[in-house]
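Q: Below are the structure tokens for one structure; questions will follow.
The values are calculated or read from the model by the stated rules, or taken from the named source; none is laboratory data. Computed from a prediction, not measured in an experiment: that's the story for all the values here. Counting neighbours? That spans all protein chains shown, and the Cβs are built from the backbone with ideal geometry, glycine included. For the accessible areas, the whole protein counts, side chains as well, though only heavy atoms, and no ligand, DNA or RNA atoms are used. Shrake-Rupley method; radii C 1.70, N 1.55, O 1.52, S 1.80 Å.
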Amino acid sequence: MVVHSAAESVLAGLDPEQRSAVTAPAGPVCILAGAGTGKTRAVTSRIAHRVLTGGIAGRHVLAVTFTARAAAELRARLTVLGVPGVQARTFHAAALRQVRYFAPRLLSGRAMPELLDSKVRVVTLAAAKVGLRADRAAARDLAGEIEWAKSSLVEPGEYVVAAARALRETPYEPAKVAEVFTAYERLKRSSGVIDFEDMLRAAVWGIEEHPDVAEQVRGQYRHFVVDEYQDVNPLQQRLLDAWLGGRDDVTVVGDASQTIYSFTGATSAYLIDFPRRHRAATVVRLVRDYRSTPQVVGLANAVIGQARGTEARLRLELHGQRPPGPEPELRIFTDEPAEAGAVAARCRTLVDGGTPAKEIAVLFRTNAQSEAYEKALTEVGVPYVVQGAERFFERAEVRQAMVALRAATRSIPGDTPLPIAVREALTAVGWAPDAAPPGGAARERWEALAALVQLAEEYAATPEVLPIGEAATVERQVTLTDFNDELARRAAQQHVPTVDGVTLASLHSAKGLEWDAVFLVGLSEGTLPTSYARTPEQVEEERRLLYVGITRARHWLWLSYASARSPGGRARRPSRFLPQLDRGGGGERAGTGRAGGVVGAKRVVERRRTPVVSCRICGATLLAGADRKLGRCPTCPSDIDEHLYERLCDWRARVAGAQRVPAYVVFTDATLVALAERRPGRVEELIAIAGIGPRKLGLYGEEVLALVAGATVDEIGPEKTLEISS
């Protein structure tokens with residue numbers, strides 16, 4: 001009875017689609033989950049419901065995903081649901097634990113090779129072996145090519161053909177990359193080290209070539225869940241197939257519209273083909289978006305609604321469930337410095353208005369765009385953090401801390417609670433928990449190390465479970481050695497801990513995250529889509545990148561681009577993915593999905609033939625008619641002269657009455673507000689206000705200038721009004 005009640009409680013609060021996913025029968029299940037639709041809740045509830053109803057045992061479940069953060073979230077939610085003991089890990093972490101466990105058997109007693117934290121050092125040496133002097137950036141590019149090849153099950157001798165077939169943009173001539181690849185593999189073997197792809201291959205080899213290992217692994221893991229299935233690469237799929245061993249009790253979760261990592265070897269083909277591979281599969285679509293406002297959801301639908309190609313076959317139309325919010329804003333700036341400055345100023349306003357800095361993100365296509373925003377945010381005094389392992393794990397203090405943490409495994413007792421052990425180890429690099437220095441570089445250093453301590457606390461909150469055999473039900477306390485392994489995996493996977501500040505991130509590294517306020521910047525042709533996107537498939541992936549960026553925003557969204565890279569530079573066109581803003585000259589703002597089409601650059605450029613009006617406060621190009629009249633963005637602060645506005649309203653009412661016409665025929669409300677804000681003192685300033693042409697200048701100019709100068713309506717005189725009406 002208690003079990004039945006607990007199982008029913010798992011279903012409480014689920015929407016109909018989530019409930020269908022949770023209660024789907026054993027066997028192959030494909031959950032197509034749009035952004036913000038509660039996929040983690042659906043997945044964990046499915047596992048918990050099956051365990052609590054007696055269908056499966058938690059120790060026989062293996063849930064795999066792509067980031068340590070996502071795996072920790074799965075474990076934490078399952079614990080809350082009353083189902084501890086389920087293994088939830090990244091592909092790499094799950095494979096590493098299995099390889100370590102079976103190493104004595106597979107390696108005939110030899111020690112397991114050391115796992116490389118990064119390929120860059122060995123790749124640099126390999127490049128030198130074949131006559132290339134690769135700097136750090138070139139070595140990273142070469143390492144990326146090697147990772148793609150190994151993840152795609154491509155051997156060094158097959159690289160040239162495979163790269164040509166995949167239309168790879170190689171850092172060097174493909175034959176030279178193949179030479180580096182070959183030298184890299186030789187150097188690894190001679191040094192007795194392996195990389196992460198080797199470790200996945202070792203796990204596959206252990207199961208495929210050793211029946212006793214296969215029997216033990218498959219006896220332990222009988223039910224599988226794969227999150228973010230659209231990001232699986234051929235090597236990971238082969239490992240999953242090895243784990244399954246022909247069985248089909250597997251639940252996969254993914255969204256083809258969020259396929260953005262094909263350059264790493266990831267492919268949505270396995271998600272798309274899942275119903276064909278598993279003819280009896282249950283397919284459930286989650287489309288209720290609980291993350292973003294309907295305005296953000298509408299814009300996301302408008303962008304992805306134009307998608308073409310294979311992934312578009314599984315496109316989901318989201319339905320926003322949150323209360324309405326502000327319309328997404330599109331801003332156009334003269335150049336990139338102006339764009340960065342305006343973004344920083346708005347961040348300052350948001351923070352001053354109570355939005356936590358960590359709930360704001362600035363997202364861009366390439367990491368090279370980060371510098372301008374780092375500088376602009378520094379100038380306005382807003383803290384920031386750059387998302388991405390290269391910037392966090394390559395900081396000097398973080399590298400020193402990781403050395404200190406490894407050294408501490410020899411001096412700190414193994415039974416010391418992890419958070420205490422980490423704090424004690426960090427004293428070696430001068431960190432103290434209650435000694436945060438004032439702002440500046442010293443504070444940034446302290447915050448980076450504090451993030452490691454917080455990460456240790458989160459990691460320690462989830463107990464480790466032994467991976468194999470009946471002893472899998474026994475939990476053990478995580479150790480400093482475990483934490484060092486976790487840091488190594490995070491460095492390799494570009495998974496950084498949370499540091500307080502506005503997040504600066506590439507669209508790729510923002511996947512899986514969300515913020516209250518999001519700035520999507522640099523949305524111009526050549527940047528998004530990148531100029532390297534030459535095939536229809538590559539262009540569609542760029543569209544999906546924008547879609548991912550839009551769906552990171554919970555409430556407030558800004559989209560912008562600069563007409564030129566630098567002041568006076570060559571003009572650029574807006575991204576072809578930006579939704580139509582003005583269907584018939586009315587200046588409709590982006591975001592509701594009403595303007596569902598996507599305009600090409602030509603139509604946008606033609607529309608820009610009208611005089612350009614910029615916001616007098618932030619400098620953005622104004623699109624909507626009312627905004628152009630005001631001379632400012634609707635969200636920029638107003639400096640209206642209330643007394644002047646009242647006089648203008650009284651005067652307009654008298655003129656309209658004398659002419660027997662509606663008041664707006666004289667001047668619209670927006671024009672009166674613009675007059676009261678801008679307070680023109682000369683004819684040239686008056687006619688610069690949109691809506692005041694030569695005719696109205698002749699009819700009303702003299703009186704308006706008099707009112708602005710301080711005259712009352714009565715001082716203008718009734719005879720002038722009668723003269724106008726005649």
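Q: Rg/Rh for the range 163-223 to two decimals, with Rh computed the Kirkwood way over all alpha-carbon pairs. Mind dumping the intermediate values first?
A: Details: Rg = 17.0 Å, Rh = 14.5 Å.
Reported Rg/Rh (Cα atoms, Kirkwood Rh): 1.17.
Q: In addition: If you line up the long axis of helix 2-11 against the longest principal axis of the chain, both from Cα atoms, how many degrees apart are they, to the nearest 10?
A: That helix lies at roughly 40 degrees to the long axis.
Q: Between helix 441-460 and the chain, what is the angle of the helix's C-alpha long axis to the longest principal axis, kept within 0 to 90° and rounded to the nearest 10?
A: Taking the Cα atoms of the chain, the angle to 441-460 is about 50 degrees.
Q: Using Cα atoms only, what is the angle between the long axis of helix 174-191 and the major principal axis of the chain, expressed in degrees (0 to 90) to the nearest 10?
A: 50
Q: Once Rh is set to the Kirkwood radius over Cα pairs, what Stokes-Einstein translational diffusion coefficient, in µm²/s, holds for the range 504-568 at a temperature of 25 °C and a viscosity of 0.890 mPa s? Mind showing how you got there, number by number?
A: On the way: Rh = 12.7 Å.
Estimated diffusion coefficient is 193 µm²/s.
Q: Placing unit charges on C-beta atoms (Lys and Arg positive, Asp and Glu negative, everything else neutral), compute the dipole magnitude of the chain about its Cα centre in debye, rounded to 20.
A: So the magnitude is around 1400 debye.
Q: Taking every DSSP beta bridge that has both residues in the chain, what percent is antiparallel when rounded to the nearest 5? Spell out each step's value before the answer.
A: Working: 7 of 53 bridges.
Percentage antiparallel, nearest 5: 15.
Q: Ignoring ligands, DNA and RNA, what percent of the accessible area of the chain is carbon or sulfur (1.4 Å)?
A: Carbon-and-sulfur percentage of accessible area, whole number: 52.
Q: Counting only the backbone N, which residues of the range 408-435 are under 18 Å from the spot 7 Å out from the Cα of GLU457 toward its beta-carbon?
A: 417-427, 431-435
Q: May I pose another question? In the set [x] 27.5; [y] 30.1; [z] 28.8, which value of Kirkwood radius over Cα pairs in Å was calculated from the structure you see?
A: [z]
Q: Give the residue from TYR172, LEU142, LEU187 lying farthest towards the positive end of the charge dipole for the range 75-208; charges sit on Cβ (+1 for Lys and Arg, -1 for Asp and Glu) and the dipole is referred to the Cα centre.
A: Ranked along the dipole, the leading option is LEU187.
Q: Please express the Cα-Cα pair-distance distribution P(r) of the range 74-118 as a list of whole percents, one per 5 Å bin, running from 0 to the bin with the greatest distance.
A: 5, 19, 18, 17, 14, 12, 9, 6, 1
Q: If one computes P(r) from the Cα atoms of the range 172-267, what percent of pairs lie at distances over 24 Å?
A: 39
Q: Which is farthest toward the positive dipole end of the chain among VAL122, PRO28, ALA48, measuring Cα position about the Cα centre, with Cβ charges +1 (Lys, Arg) and -1 (Asp, Glu)?
A: Projecting each Cα onto the dipole axis, the largest value belongs to PRO28.
Q: Right, here's the next one. Using the Cα atoms of the range 40-118 to build a convex hull, what is its mean projected area in square nanometres?
A: For the range 40-118, averaging the hull's shadow over all directions gives 6.3 nm².
Q: Further question: Quick one: putting +1 on the C-beta of Lys and Arg, -1 on the C-beta of Asp and Glu, what dipole do you get for the range 638-720 around its Cα centre, in Debye to the nearest 20? Don't jump to the answer; show the numbers that get you there.
A: Numbers: 10 positive and 14 negative charges, 82 e Å.
Result for the range 638-720 is approximately 400 debye, rounded to the nearest 20.
Q: Find which of ALA564, VAL518, ALA533 sits farthest along the positive direction of the dipole of the range 517-569, computed with +1 on the beta-carbon of Lys and Arg, -1 on that of Asp and Glu, about the Cα centre.
A: The listed residue farthest towards the positive side: VAL518.
Q: Same structure again: About the Cα centre, and with charges only on the beta carbon of Lys, Arg (+1) and Asp, Glu (-1), how big is the dipole of the range 184-333? Nearest 20 debye, please. Could you put the intermediate results ahead of the total?
A: Numbers: 19 positive and 21 negative charges, 77 e Å.
That gives the range 184-333 a dipole magnitude of about 360 debye.
Q: Work out, step by step, the length gained on full extension between HIS643 and ASP415: first 0.36 nm times the residue separation, then minus their alpha carbon distance; give nm to one decimal.
A: Gain in length upon complete extension: 74.7 nm.
Q: Moving to a separate point now. Which residues' amide hydrogens lie under 5 Å from the amide hydrogen of ALA562, considering only partners 5 or more residues apart or on another chain, with H built in the peptide plane?
A: PHE333, GLY522, LEU523
Q: Per residue, how much space in cubic angstrom lies within the convex hull of the C-alpha atoms of the range 86-194?
A: Normalising the Cα hull of the range 86-194 by residue number yields 123 Å³.
Q: Can I ask one more? Rounded, prolate or oblate for the range 9-79? Axes are the square roots of the Cα gyration tensor eigenvalues, ordered a ≥ b ≥ c, and the cut-off for rounded is a/c under 1.5.
A: rounded
Q: Compute the distance in nm between two label points, each set 7 Å from the Cα along the Cα-to-Cβ direction, one at ASP117 and one at GLU208.
A: 3.2
Q: Subtract the Cα-Cα distance of VAL380 and ARG247 from 0.36 nm times their separation in residues, and report this length gain in nm to one decimal.
A: 42.1 nm
Q: Moving to a separate point now. Residue separation times 0.36 nm, minus the C-alpha to C-alpha distance between THR712 and LEU107: what's the value?
A: 208.2 nm
Q: Still on this structure: Would you mind getting the accessible area per residue of the chain, heavy atoms of the protein chains only, 1.4 Å probe, in Å²?
A: Using a 1.4 Å probe on heavy atoms only, each residue of the chain averages 43 Å².
Q: List the trypsin sites (Lys or Arg not before Pro) in the range 507-582 that DSSP assigns to loop (not H, G, I, E or B) and whose Cβ has at most 13 other Cβ atoms within 10 Å. Which are they?
A: ARG534, ARG570
Q: Right, another one. Mind giving me the FRET efficiency for THR349 and ILE687? R0 is 41 Å, r the Cβ-Cβ distance, nearest 0.05 is fine.
A: Values: r = 32 Å, r/R0 = 0.77.
Between THR349 and ILE687 the formula returns 0.85.
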